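The values are calculated or read from the model by the stated rules, or taken from the named source; none is laboratory data. The structure displayed is predicted, hence computed values, not measured ones. Backbone-built Cβ (ideal geometry, glycine too); neighbour counts: all protein chains shown. Just the protein is used for accessible areas: all its heavy atoms, side chains included, with ligands, DNA and RNA removed. Shrake-Rupley method; radii C 1.70, N 1.55, O 1.52, S 1.80 Å.
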Amino acid sequence: MQKSITRRYVGINDVQIACDVAGNPLAPSVILLHGGGQTRHSWGGAMSGLVARGYHVMNLDARGHGESQWAADGDYSLDTLVGDLQSVVETLASRPALVGASLGGRHGFAA
């Protein structure tokens, strides 16, 4: 797999969102959303497989998880998680496919 790089995106209320990014940015994008109590590292194998198949993959830590910031105001609502996701999606040239587990699936569906 092409080595991923970790980027930081600015979510709702300036919370920094950590995201591993790999693959050709001109290829179709896939965003991986982990479950509650997990981190982006739970998707490591899936990310490798998707990149190997030619996708541009973004694997993010939700606010308060992994290397993303905790919310100073304690806001971890569904609307805020969706807003964080939308902040990342807005950096892409086209709409991505969303793949989520548990909490990640919930805010992926809501988006």
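Against the list (1) of a type in the set (A, V, I, L, M, F, W, C); (2) within 12 Å of the chain's Cα centre (by Cα); (3) under 24 Å from K3 (Cα atoms), the condition L26 fails is (2).
For S94, the criteria (1) assigned to a loop (DSSP other than H, G, I, E, B); (2) open to solvent by 60 Å² or more (accessible area, probe 1.4 Å); (3) out of contact with any Phe, Trp or Tyr (no Cβ under 8 Å at 6 or more places or on another chain); (4) modelled with pLDDT of 95 or more hold in every case but one, which is (4).
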